[in-house]
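For reference, the structure discussed in these notes is given below.
The values are calculated or read from the model by the stated rules, or taken from the named source; none is laboratory data. This is a predicted model, so every value here is computed, not measured. Neighbour counts are summed over all protein chains in view; Cβ atoms, including those assigned to glycine, are modelled from backbone coordinates with ideal geometry.
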Amino acid sequence: MNISGVEFIKGCSAIGAGLALIAGIGPGIGQGIAAGHAASAVGRNPGARSDITSTMLLGQAVAETTGLYGLLVGMILIFVQPLAK
Amino acid sequence: MMNPVLLANEPDFMIKGIFSYQLFGQTVWITTTHVCTLIVMILLLTFAFCVNRKLKKTDPYDAPPMLVNIAEFIMEFLNNMVTGVMGKNAAKFVNYISTIAIFILISNISGLLGLRPPTADYGVTLPLGIISFCLITYNKFKWQKPVGVLKGLMEPWPFWLPINLIGDFAVPVSLSLRLFANILSGTVMMALYYSLLPFFVKIGIPSALHVYFDLFSGAIQTYVFCMLTMTYISDAIGET
């Protein structure tokens, strides 16, 4: 089986994209922690439910950013293929 | 552009050029993003004109008609949102925040109309981030005076200055990248779903995905963009 250089780089780019998406672990943990604390906060103070929910969503969306950077790197590696040019 | 992996039919979510023209020796493309942005703008303008015409004819002592009710509801919601975060400075910024909120929201959920969302193009979100950044910086210089800004940059210790500068200039990048990546991931996910799977799972099931990726994610990201802009502006104004 002969593999040309460009094909090899494309395959390695796909592996790199998969590795870049390991970045999804961090935001997952962070969002889970945020949601858990929000749940306990609602349990303690059910009256402040709407405030807690909006704060939680804001914090989760900010925590998501790092995961999205990983996603962007993965997408650029797969669809734009800067290394194979 | 696409690489030939094992796809039944190629997923189709890239920005496509429609026609190009020469401007100062550069090739400039009119892309799907421009067309979709124009459609969104026409939708918003049509709504605004309808409300305006209706509003002029409405008798203020009578029960408001449906369209005026909807417009009042939207306006009241945005006003309450801005007032809740910015307090007494809200009056100056409610116009800007409402404008970007409505534009981003309609752009994000325009995937439901079969358009490619304009916010899934970095060329749309980066200007939004830069406009917000200019507003934040202007307010910082206006309210804290240059001396206060310099003092804020050297916050814990003077040699912290470069790190604080990087932190300041990361604001537009992170604002725009967050919006862009969220909407792009939704678009890519929907395109992959529609192109990779056999036809019988494309009936009914995608509606749930559309609700999550277009409606929920789009609304949340709109809220986050406006909320962060407001928080940064409030920070810039400081305790006055």
When residues of segment A:45-73 are filtered for being at the interface with chain B (Cβ under 10 Å from one of its Cβ atoms), more than 17 Å from B:Ser174 (Cα to Cα) and at pLDDT 90 or above, how many remain? 0
Looking at segment B:157-165, can you tell me whether even one residue there is outside any helix (DSSP H, G or I), more than 12 Å from the chain's Cα centre (by Cα) and at pLDDT 85 or above? no
Among (1) modelled with pLDDT under 90; (2) closer than 29 Å to B:Met189 by Cα; (3) in a helix (DSSP H, G or I); (4) of a type outside the set (A, V, I, L, M, F, W, C), which single condition is B:Gln144 missing? (2)
Quick check on segment B:208-237: of everything there that is closer than 14 Å to B:Val171 by Cα and β-branched (Val, Ile, Thr), which residue is farthest from the other protein chains (Cβ to nearest Cβ)? B:Ile233
Against the condition exposed (fewer than 13 other Cβ atoms within 10 Å of the Cβ), closer than 30 Å to B:Met81 by Cα and at pLDDT 85 or above, how does A:Ala39 come out, does it pass? yes
Look at A:Leu19 and say whether it is within 21 Å of the chain's Cα centre (by Cα), within 14 Å of another protein chain (Cβ to nearest Cβ) and under 24 Å from B:Ser174 (Cβ atoms). no
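Look through B:Ser107, B:Ser132, B:Ser98 and report the one residue that is free of Cβ contacts under 8 Å to residues at least 24 places away in the same chain, touching a helix residue (DSSP H, G or I) at 6+ places or on another chain (Cβ under 6 Å) and of a type outside the set (D, E, K, R).
Working: B:Ser107 fails: free of Cβ contacts under 8 Å to residues at least 24 places away in the same chain; B:Ser132 fails: free of Cβ contacts under 8 Å to residues at least 24 places away in the same chain.
Testing whether each residue is free of Cβ contacts under 8 Å to residues at least 24 places away in the same chain, touching a helix residue (DSSP H, G or I) at 6+ places or on another chain (Cβ under 6 Å) and of a type outside the set (D, E, K, R) leaves just B:Ser98.
Which residues, taken from segment B:147-156, are in a loop (DSSP other than H, G, I, E, B) and of a type in the set (Val, Ile, Thr)?
Just the residues of segment B:147-156 that are in a loop (DSSP other than H, G, I, E, B), to begin with: B:154-156.
Of everything in segment B:147-156, nothing turns out to be in a loop (DSSP other than H, G, I, E, B) and of a type in the set (Val, Ile, Thr).
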Which condition number in (1) surrounded by 15 or more Cβ atoms within 10 Å (Cβ to Cβ); (2) over 19 Å from B:Met227 (Cα atoms); (3) of a type in the set (A, V, I, L, M, F, W, C) is the one that A:Ile33 fails? (1)
Exactly one of B:Thr119, B:Thr137, B:Thr99, B:Thr83 is surrounded by 20 or more Cβ atoms within 10 Å (Cβ to Cβ) and either part of a helix (DSSP H, G or I) or touching a His at 6+ places or on another chain (Cβ under 8 Å) (or both), and that residue is B:Thr119
